[in-house]
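**Student:** Before anything else, here's the structure in question.
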Amino acid sequence: EKLREELAKEHKLVEFISDYSGLLIDVEKMNEEILNQEKECDENTLHLEQIVPLTEEKNKLIASLNKQLKLLQEKRTDAIKIAKLEDLRKELTEGKECPLCGSSEHPFVAEQPDNDENVINLEIRKTEEVIEKQSEKEKSLLKKTAELNANFLKAKQIIQSKKNLRIIKETSLK
């Protein structure tokens with residue numbers, strides 16, 4: 001009878017050691033997984049730190065391009081106004097009063113303004129294309145930023161849950 005009790009105790013001890021070893025292995029795996037998740041968090045943080053200045057740079061570039069576009073559009077508007085006045089200028093005769101201002105002297109009648117609306121329209125189209133490309137790049141950076149933030153938060157949650165589980169397992173080892 002005593003031998004059976006000793007064997008039963010020994011069997012329970014072997015089971016306990018086996019369970020304990022399993023828990024130790026689980027804790028080691030969790031430690032490794034936590035380290036991997038923390039490494040991923042660090043990598044995401046590094047990527048985010050690199051993307052933020054790029055996004056700011058794209059914002060500045062787009063703002064500058066929008067200003068340039070506005071100036072070109074104003075230039076086009078002025079060119080259209082000038083083109084409308086060209087017909088009137090062609091009708092001006094030295095000594096006759098100008099119907100617009102009343103002057104009888106027309107010193108600029110022979111001069112032709114540099115007014116190529118097609119060139120201005122081409123510049124506007126090119127600027128709009130550059131703005132569109134830069135805006136797409138900015139959207140891509142913002143999307144990447146959102147993905148990295150999501151991955152970062154997910155990794156942090158995983159780390160915390162693994163730490164909590166590790167604490168539980170370590171507590172059961174004691």
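**Student:** So what's the gap between the Cα centers of segment 7-41 and segment 144-174, to the nearest angstrom?
**Tutor:** The two parts, judged by their Cα centres, are 18 Å apart.
**Student:** Please compute the modelled spin-label separation between LYS39 and GLU10, points set 7 Å along Cα→Cβ, answer in nm with one decimal.
**Tutor:** 4.4
**Student:** Please compare each pair in LYS60/LYS133; LYS29/LYS163; LYS60/LYS81; LYS70/LYS144; LYS70/LYS143; LYS75/LYS126 to a cut-off of 21 Å on the Cα-Cα distance and tell me which ones are over it.
**Tutor:** Table pairs above 21 Å Cα-Cα are LYS60/LYS81; LYS70/LYS144; LYS70/LYS143.
**Student:** While we're on this one: Treating the beta-carbon of each Lys and Arg as +1 and of each Asp and Glu as -1, no other charges, what is the dipole magnitude of the chain about its Cα centre, to the nearest 20 debye?
**Tutor:** 680
**Student:** Taking 0.36 nm per residue of sequence separation and subtracting the Cα-Cα distance, how much length would be gained by fully extending the chain between TYR20 and LYS2, in nm to one decimal?
**Tutor:** Between TYR20 and LYS2, full extension yields an extra 3.8 nm.
**Student:** In sequence order, what are the phi-derived ³J(HN,Hα) couplings for segment 151-164 according to the Karplus relation 6.51 cos²θ - 1.76 cosθ + 1.60 with θ = phi - 60°, rounded to whole Hz, with x for glycine and proline?
**Tutor:** With the stated coefficients, segment 151-164 comes to 4, 4, 5, 4, 5, 4, 5, 5, 4, 5, 5, 5, 5, 4 Hz.
**Student:** For LYS12, list the lysines whose Cα falls under 16 Å from its own Cα; do not include residues on the same chain fewer than 8 positions away.
**Tutor:** By straight Cα distance, LYS12 reaches LYS2.
**Student:** 5 Å is the cut-off here: which amide hydrogens, built 1.01 Å from N in the peptide plane, fall below it relative to CYS98, excluding neighbours closer than 5 in sequence?
**Tutor:** Answer set, sorted by chain and number: SER103, SER104.
**Student:** What stretch of the chain, leaving out the sites themselves, is the longest with no GluC sites (Glu not before Pro) in a DSSP loop having at most 15 other Cβ atoms within 10 Å?
**Tutor:** The longest such stretch corresponds to 2-93.
**Student:** Which value in deg cm²/dmol, rounded to the nearest 500, describes the helix-derived mean residue ellipticity at 222 nm for the chain, given -39,500 (n - 2.57) per DSSP H run of n ≥ 4 and division by the residue count?
**Tutor:** It comes out at -32000 deg cm²/dmol, rounded to the nearest 500.
**Student:** Would you calculate the separation in nanometres between label points at GLU147 and GLN73, each defined as 7 Å from the Cα along the Cα-to-beta-carbon direction?
**Tutor:** Label-label distance for GLU147 and GLN73, simple model: 3.3 nm.
**Student:** Let me ask something else. Quick one: length gained pulling GLU170 to GLU49 fully straight, 0.36 nm per residue minus the C-alpha distance?
**Tutor:** Roughly 40.0 nm would be gained on extension.
**Student:** Rounded to whole Hz and in sequence order, give me ³J(HN,Hα) for segment 51-66 from the Karplus expression 6.51 cos²θ - 1.76 cosθ + 1.60, θ = phi - 60°, writing x for Gly and Pro.
**Tutor:** 6, 4, x, 5, 5, 4, 4, 5, 4, 5, 5, 5, 4, 5, 5, 5
**Student:** A further question on this structure: What length, rounded to one decimal in nm, is gained on full extension from LYS154 through to ALA63, with 0.36 nm per residue of separation minus their alpha-carbon distance?
**Tutor:** Full extension from LYS154 to ALA63 adds 29.3 nm.
Just so you know, all these numbers are worked out from the coordinates, no wet-lab data involved. Being a predicted model, the structure only gives us computed values, none of them experimental. Here the Cβ is made from the backbone with ideal geometry for all residues, glycine too, and neighbour counts use every protein chain on show.
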